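Novice: Pasting a structure here, questions to come.
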Amino acid sequence: GTPQKYDPTFKGPIYDRGCTDIICCVLLVVAIVGYVVVGVVAWTHGDPRKVIHPTDSRGQFCGQQGTPNEPRIPRVRGTARPLGVPHGILAVTCSPPCPPPLQICVSKCPDRYMAYLTARENPALLEYYRDFCTPEFKNTGKGLTEVLKDKECPAMLIPSTPLARRCFPAIQAKKGVIMVGNETTYDDGHGNRRNVTELLEGAKKANVVLETRQLAMKIFEDYTVSWYWIIIGLVIAMVASLIFIVLLRFLAGIMVWVMIVMVVLVLGYGIFHCYMEYAKLKGEAGSDVSLTDLGFQTDLRVYLHLRQTWLAFMIILCVLELVIVLLLIFLRKRILIAIALIKEASRAVGHVMSSLLFPLCTFFLLCLCIAYWASTAVFLSTSNEAVYKVFNESACPFSGQTCHPETFNTSNVTKLCSDAQCLFAFYGGETAYHKYLIVLQFFNVFMFFWLANFVIALGQVTLAGAFASYYWAFKKPDDMPAFPLFSAFGRALRYHTGSLAFGSLVLAIVQVIRVTLEYLDHRLKAAENKFAKFLLSCLKCCFWCLEKFIKFLNRNAYIMIAIYGTNFCTSARNAFFLLMRNIIRVAVLDKVTDFLFFLGKLLIVGSVGILAFFFFTQRIKLVQDTAPPLNYYWVPILTVIVGSYLIAHGFFSVYGMCVDTLFLCFLEDLERNDGSAEKPYFMSQNLRKLLKKTNKGQPDA
């Protein structure tokens with residue numbers, strides 16, 4: 001934790017360095033190899049068709065080549081009974097375990113109401129009805145109970161709409177009247193007319209899906225006619241972000257002082273308002289009652305009629321005003337240093353312009369991590385095999401046991417339980433691979449966090465190395481390397497992969513624990529144990545704070561790694577103690593930069609968003625005819641706003657890394673050097689003037 005000793009050979013980021021944290025580097029390589037093996041195994045066993053394509057009640061895909069359903073050329077599936085229809089009419093009761101609902105592959109969705117009891121009496125209707133039964137349905141004289149028991153046909157058909165190769169009830173509302181397939185009633189097969197509202201409760205989710213589909217189609221149409229205008233809006237946001245960073249060199253001081261003055265004036269107005277309210281209530285009945293005598297009141301407006309309330313507000317605001325004024329008096333020099341560092345960061349970014357494009361590289365690598373994690377998760381989740389279980393209505397010792405359809409009819413089960421059936425139950429498996437699927441999914445999540453954090457760390461150490469080269473160049477920019485960004489990137493990959501893996505591993509472990517706690521919290525929402533919920537909330541809060549601290553520590557450790565080439569632990573320790581020795585400067589700089597970045601994002605996103613609003617709502621007369629016709633004008637506007645925020649965040653993340661790097665270099669400069677000819681300061685002339693420091697015997701940088 002002691003300050004760095006003077007080293008006459010130190011001229012910025014060390015080029016003659018060695019590999020650090022080799023064990024972590026090897027561990028990362030082994031983990032990546034294991035991750036690739038898990039991916040290959042998942043891709044070998046998985047079948048994403050289980051997510052995309054529907055299956056029938058036997059677990060067979062609908063309309064896929066090489067499946068028993070191929071000749072029917074189905075595109076959607078039907079359900080055994082419409083959701084929400086009473087079981088007594090359309091289903092057969094059973095003793096648990098009950099078989100899953102009937103799912104049949106069909107070539108088209110039904111377009112009319114029809115009960116099996118009605119269709120059985122009319123050959124023409126029955127022929128239509130058979131399109132929605134299994135191919136094994138031959139005996140048209142069967143009763144409803146027997147048909148449902150054999151799972152050959154649904155009890156009734158409902159007008160449906162295809163979506164995602166599945167049939168959903170065609171629910172719609174016209175003038176406040178709920179209709180299904182343009183009908184308000186349906187025949188239940190017993191000659192009774194029932195209201196379609198009986199179907200509504202069970203089909204609500206299906207209706208939501210249909211409405212979502214219509215919304216998605218309209219949104220897609222809006223994107224097809226407005227995509228180029230959206231791109232133009234994002235380009236404007238990018239240019240605005242670049243201009244703002246350039247202007248910070250000249251306007252940072254003005255912005256900060258304007259912010260401080262506004263805070264002081266707002267607090268002053270608040271004090272004045274509280275005093276006026278306090279004076280106005282003088283003499284009013286009941287206004288002199290104390291807060292203690294009044295006690296707790298659910299209606300908070302009662303407190304506003306008490307003089308003591310406004311007196312308390314006024315005292316609190318006066319204390320805040322006094323604290324801010326005192327901070328300004330005693331910390332004015334540190335605020336000026338923070339402003340000077342921000343201006344210097346703008347100059348550094350100007351000399352390393354390629355750094356503004358580097359987040360695209362980080363974004364691309366993060367997209368690869370996300371794509372690999374998502375595809376592996378899908379293949380792992382679809383690695384299960386079709387599991388068949390014994391289902392029966394009467395008592396049977398084999399009920400619920402696993403069975404094989406190929407050998408079921410010749411087994412002892414059918415001899416002992418005459419009504420037993422071997423039906424598809426779910427996708428699962430009993431092999432060692434299937435038993436450890438949850439472990440593989442956990443490993444997949446863990447590796448995603450590790451690799452994503454590694455990519456972010458690589459970006460941070462690269463930017464830190466480039467900006468450190470700027471600071472430690474005595475004659476800026478003449479003493480800088482030709483390509484500082486590429487040099488820093490090469491050094492990070494060649495020497496410090498292990499250190500980056502170490503830092504990202506620690507962060508990944510904490511993040512995985514947080515995800516686990518969130519999962520447990522989700523599972524315990526319905527629990528009655530309040531102590532468990534309280535303990536879980538405390539753990540979530542603690543690990544959230546720990547994650548924030550580790551991110552802060554890692555960020556500064558990567559800067560020290562980029563400068564000195566030391567291992568992760570040494571860099572983290574040196575950075576931490578260096579910051580602790582200058583804790584007030586750290587706090588001031590952090591808040592000043594946070595405010596400027598917030599102001600910049602608000603200005604850019606707000607300006608571009610307002611411009612997009614006036615353009616897409618055709619309120620700009622000059623380009624009124626140019627704006628495309630839209631279903632929802634908020635679609636391109638929100639896209640432009642979100643995209644503008646991401647662009648601004650990308651630019652400011654580079655700028656923020658530049659400020660943090662220059663700040664650490666500045667602190668190191670103060671501790672290493674004294675301004676003599678042998679140990680000159682590397683900081684800019686403006687910073688030296690603020691600190692009243694000079695370089696003796698050396699020209700100003």
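Novice: Of all residues being touching a helix residue (DSSP H, G or I) at 6+ places or on another chain (Cβ under 6 Å), of a type in the set (A, V, I, L, M, F, W, C) and modelled with pLDDT of 80 or more in the stretch 120-156, which is nearest to Pro54 (Cα to Cα)? Just the residue, please.
Specialist: Cys153
Novice: Quick check: anything in the stretch 633-646 out of contact with any Pro (no Cβ under 9 Å at 6 or more places or on another chain) and more than 19 Å from Ile610 (Cα to Cα)?
Specialist: Of the residues in the stretch 633-646, the ones out of contact with any Pro (no Cβ under 9 Å at 6 or more places or on another chain) are 633-635, 637-646.
Filter again for more than 19 Å from Ile610 (Cα to Cα), leaving none.
Looking through the stretch 633-646, none of the residues is out of contact with any Pro (no Cβ under 9 Å at 6 or more places or on another chain) and more than 19 Å from Ile610 (Cα to Cα).
Novice: Pick from Gly46, Gly12, Gly66, Gly1: which is at pLDDT below 70, surrounded by 19 or more Cβ atoms within 10 Å (Cβ to Cβ) and either over 28 Å from the mean Cα position of the chain (by Cα) or farther than 27 Å from Ser504 by Cβ (or both)?
Specialist: Values: Gly46 fails: at pLDDT below 70; Gly66 fails: surrounded by 19 or more Cβ atoms within 10 Å (Cβ to Cβ); Gly1 fails: surrounded by 19 or more Cβ atoms within 10 Å (Cβ to Cβ).
Going through Gly46, Gly12, Gly66, Gly1 in turn, just one is at pLDDT below 70, surrounded by 19 or more Cβ atoms within 10 Å (Cβ to Cβ) and either over 28 Å from the mean Cα position of the chain (by Cα) or farther than 27 Å from Ser504 by Cβ (or both): Gly12.
Novice: Do we have Leu599 as under 22 Å from Pro359 (Cβ atoms) and of a type outside the set (D, E, K, R) here? Before the answer, list the steps.
Specialist: Numbers: under 22 Å from Pro359 (Cβ atoms): yes; of a type outside the set (D, E, K, R): yes.
Spelling it out, Leu599 is indeed under 22 Å from Pro359 (Cβ atoms) and of a type outside the set (D, E, K, R).
Novice: Could you please tell me which pairs satisfy a Cβ distance under 6 Å, a separation of 6+ or placement on different chains, a first residue in the stretch 308-331 that is under 11 Å from Tyr278 (Cβ atoms) and open to solvent by 70 Å² or more (accessible area, probe 1.4 Å), and a second residue that is small (Gly, Ala, Ser) and outside any helix (DSSP H, G or I)?
Specialist: Gln308/Ser290
Here's the yes/no breakdown for (1) at pLDDT below 85; (2) β-branched (Val, Ile, Thr):
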site	(1), (2)
Ala612	no, no
Thr617	yes, yes
Gly656	no, no
Gly675	yes, no
Glu678	yes, no
Lys689	yes, no
Lys696	yes, no
Pro699	yes, no
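Novice: Right, another one. Residues to consider are Glu547, Glu518; find the one that is farther than 26 Å from Pro359 by Cβ and modelled with pLDDT of 85 or more.
Specialist: Details: Glu547 fails: farther than 26 Å from Pro359 by Cβ.
Result of the check over Glu547, Glu518: Glu518.
Novice: Would you confirm whether any residue within the stretch 28-36 is modelled with pLDDT of 70 or more, within 30 Å of Phe467 (Cα to Cα) and either assigned by the TED database to the domain that holds Gln421 or not charged (D, E, K, R) (or both)?
Specialist: yes
Novice: Out of (1) under 30 Å from Phe449 (Cα atoms); (2) touching a Phe, Trp or Tyr at 6+ places or on another chain (Cβ under 8 Å); (3) without any contact (Cβ under 8 Å) to a residue 24 or more places away in the chain, what's the single condition that is false for Leu294?
Specialist: Tallying (1) under 30 Å from Phe449 (Cα atoms); (2) touching a Phe, Trp or Tyr at 6+ places or on another chain (Cβ under 8 Å); (3) without any contact (Cβ under 8 Å) to a residue 24 or more places away in the chain, Leu294 fails exactly one: (1).
Novice: Same structure again: Scanning for something open to solvent by less than 20 Å² (accessible area, probe 1.4 Å) and touching a residue at least 12 places away in the same chain (Cβ under 8 Å), does the stretch 400-412 turn up at least one residue? So that I can check it myself, show each step before the final result.
Specialist: Here is the first cut: in the stretch 400-412, the residues open to solvent by less than 20 Å² (accessible area, probe 1.4 Å) are 403, 408.
From the residues that got through so far, the ones that are touching a residue at least 12 places away in the same chain (Cβ under 8 Å) too are 403, 408.
Yes - at least one qualifying residue is present in the stretch 400-412.
Novice: For the stretch 449-471, indicate whether the set of residues that are hydrophobic (A, V, I, L, M, F, W, C) and surrounded by fewer than 18 Cβ atoms within 10 Å (Cβ to Cβ) is non-empty. Explain how you work it out, then say what you get.
Specialist: Pass one, the stretch 449-471, residues hydrophobic (A, V, I, L, M, F, W, C): 449-452, 454-458, 461, 463-464, 466-468.
Among the residues that remain, those that are also surrounded by fewer than 18 Cβ atoms within 10 Å (Cβ to Cβ) are: none.
Within the stretch 449-471 (the criterion being hydrophobic (A, V, I, L, M, F, W, C) and surrounded by fewer than 18 Cβ atoms within 10 Å (Cβ to Cβ)), the answer is no, since none of the residues qualifies.
Novice: If you take the residues of the stretch 413-433 that are open to solvent by less than 100 Å² (accessible area, probe 1.4 Å) and small (Gly, Ala, Ser), which of them is modelled with the highest pLDDT?
Specialist: So the first thing to find is which residues in the stretch 413-433 are open to solvent by less than 100 Å² (accessible area, probe 1.4 Å), and the list is 413-414, 417, 419-429, 431-433.
Next, only the ones that are small (Gly, Ala, Ser) stay: 420, 425, 428-429, 432.
On the way: Ala420: 77, Ala425: 73, Gly428: 68, Gly429: 69, Ala432: 72.
Among residues in the stretch 413-433 that are open to solvent by less than 100 Å² (accessible area, probe 1.4 Å) and small (Gly, Ala, Ser), the one modelled with the highest pLDDT is Ala420.
Novice: Residues of the stretch 486-498 being open to solvent by less than 30 Å² (accessible area, probe 1.4 Å) and more than 20 Å from Phe682 (Cα to Cα), which ones? Don't jump to the end; show me each part of the working.
Specialist: Looking only at the stretch 486-498, we keep the residues that are open to solvent by less than 30 Å² (accessible area, probe 1.4 Å), and these are 488, 491-492, 496-498.
Of everything in the stretch 486-498, those that are open to solvent by less than 30 Å² (accessible area, probe 1.4 Å) and more than 20 Å from Phe682 (Cα to Cα) turn out to be Arg491, Ala492, His496, Thr497, Gly498.
Novice: So which of Leu690, Leu662 is surrounded by fewer than 19 Cβ atoms within 10 Å (Cβ to Cβ) and in a helix (DSSP H, G or I)?
Specialist: Working: Leu662 fails: surrounded by fewer than 19 Cβ atoms within 10 Å (Cβ to Cβ).
Selected residue: Leu690, the only one of Leu690, Leu662 that is surrounded by fewer than 19 Cβ atoms within 10 Å (Cβ to Cβ) and in a helix (DSSP H, G or I).
Novice: Does any residue of the stretch 636-655 turn out to be part of a loop (DSSP other than H, G, I, E, B), of a type outside the set (A, V, I, L, M) and closer than 26 Å to Val588 by Cα? Quick ask: steps written out before the conclusion?
Specialist: Within the stretch 636-655, the first condition is being part of a loop (DSSP other than H, G, I, E, B), and the residues that meet it are none.
Within the stretch 636-655, not a single residue is part of a loop (DSSP other than H, G, I, E, B), of a type outside the set (A, V, I, L, M) and closer than 26 Å to Val588 by Cα.
Novice: Please go through the stretch 283-317 and pick out each residue that is out of contact with any Asp or Glu (no Cβ under 9 Å at 6 or more places or on another chain) and charged (D, E, K, R).
Specialist: If the condition is that a residue be out of contact with any Asp or Glu (no Cβ under 9 Å at 6 or more places or on another chain) and charged (D, E, K, R), then Glu284, Asp288, Asp293, Asp299, Arg301 are the ones that fit.
Novice: Continuing with the same structure: From the list Lys525, Lys548, Lys530, Lys540, which residue is open to solvent by 40 Å² or more (accessible area, probe 1.4 Å) and under 23 Å from Tyr655 (Cα atoms)?
Specialist: Numbers: Lys525 fails: under 23 Å from Tyr655 (Cα atoms); Lys530 fails: under 23 Å from Tyr655 (Cα atoms); Lys540 fails: under 23 Å from Tyr655 (Cα atoms).
Step by step, each of Lys525, Lys548, Lys530, Lys540 is checked, and only Lys548 is open to solvent by 40 Å² or more (accessible area, probe 1.4 Å) and under 23 Å from Tyr655 (Cα atoms).
Novice: OK, next. Which condition number does Val586 fail, the rest of (1) open to solvent by 60 Å² or more (accessible area, probe 1.4 Å); (2) over 17 Å from Gly503 (Cβ atoms) being met?
Specialist: (1)
Novice: If you don't mind, another one. Which condition number in (1) out of contact with any Pro (no Cβ under 9 Å at 6 or more places or on another chain); (2) under 20 Å from Ala562 (Cβ atoms) is the one that Asn673 fails?
Specialist: (1)
Novice: A follow-up question, please. Tell me, please, whether a residue that is outside any helix (DSSP H, G or I) and polar (S, T, N, Q) can be found in the stretch 595-607.
Specialist: Scanning the stretch 595-607, I find no residue that is outside any helix (DSSP H, G or I) and polar (S, T, N, Q), so the answer is no.
Novice: Looking at the stretch 162-184, is at least one residue under 28 Å from Phe61 (Cα atoms), touching a Cys at 6+ places or on another chain (Cβ under 8 Å), modelled with pLDDT of 70 or more and crowded, with 20+ Cβ neighbours inside 10 Å?
Specialist: Within the stretch 162-184 (the criterion being under 28 Å from Phe61 (Cα atoms), touching a Cys at 6+ places or on another chain (Cβ under 8 Å), modelled with pLDDT of 70 or more and crowded, with 20+ Cβ neighbours inside 10 Å), the answer is yes, since at least one residue qualifies.
Novice: May I ask you to list the residues in the stretch 654-682 that are aromatic (Phe, Trp, Tyr) and either more than 20 Å from Leu357 (Cβ to Cβ) or touching a Phe, Trp or Tyr at 6+ places or on another chain (Cβ under 7 Å) (or both)? Walk me through it before giving the result.
Specialist: Going through the stretch 654-682, the residues aromatic (Phe, Trp, Tyr) turn out to be 655, 663, 666, 681-682.
Result: Phe663, Phe666, Tyr681, Phe682.
Novice: Further, regarding this structure: Spot the failing condition for Tyr436; the list is (1) open to solvent by 20 Å² or more (accessible area, probe 1.4 Å); (2) touching a helix residue (DSSP H, G or I) at 6+ places or on another chain (Cβ under 9 Å), and only one is missed.
Specialist: Tallying (1) open to solvent by 20 Å² or more (accessible area, probe 1.4 Å); (2) touching a helix residue (DSSP H, G or I) at 6+ places or on another chain (Cβ under 9 Å), Tyr436 fails exactly one: (2).
Novice: Return the total of residues in the stretch 228-280 being surrounded by 14 or more Cβ atoms within 10 Å (Cβ to Cβ), more than 27 Å from the chain's Cα centre (by Cα) and within 15 Å of Val605 (Cα to Cα).
Specialist: 2
The values are calculated or read from the model by the stated rules, or taken from the named source; none is laboratory data. On a predicted model such as this, the values are computed, not experimentally measured, just so you know. Virtual Cβ from ideal backbone geometry, glycine too; neighbours counted across all protein chains shown. With ligands, DNA and RNA removed, areas are computed over all heavy atoms of the protein, side chains included. Shrake-Rupley method; radii C 1.70, N 1.55, O 1.52, S 1.80 Å.
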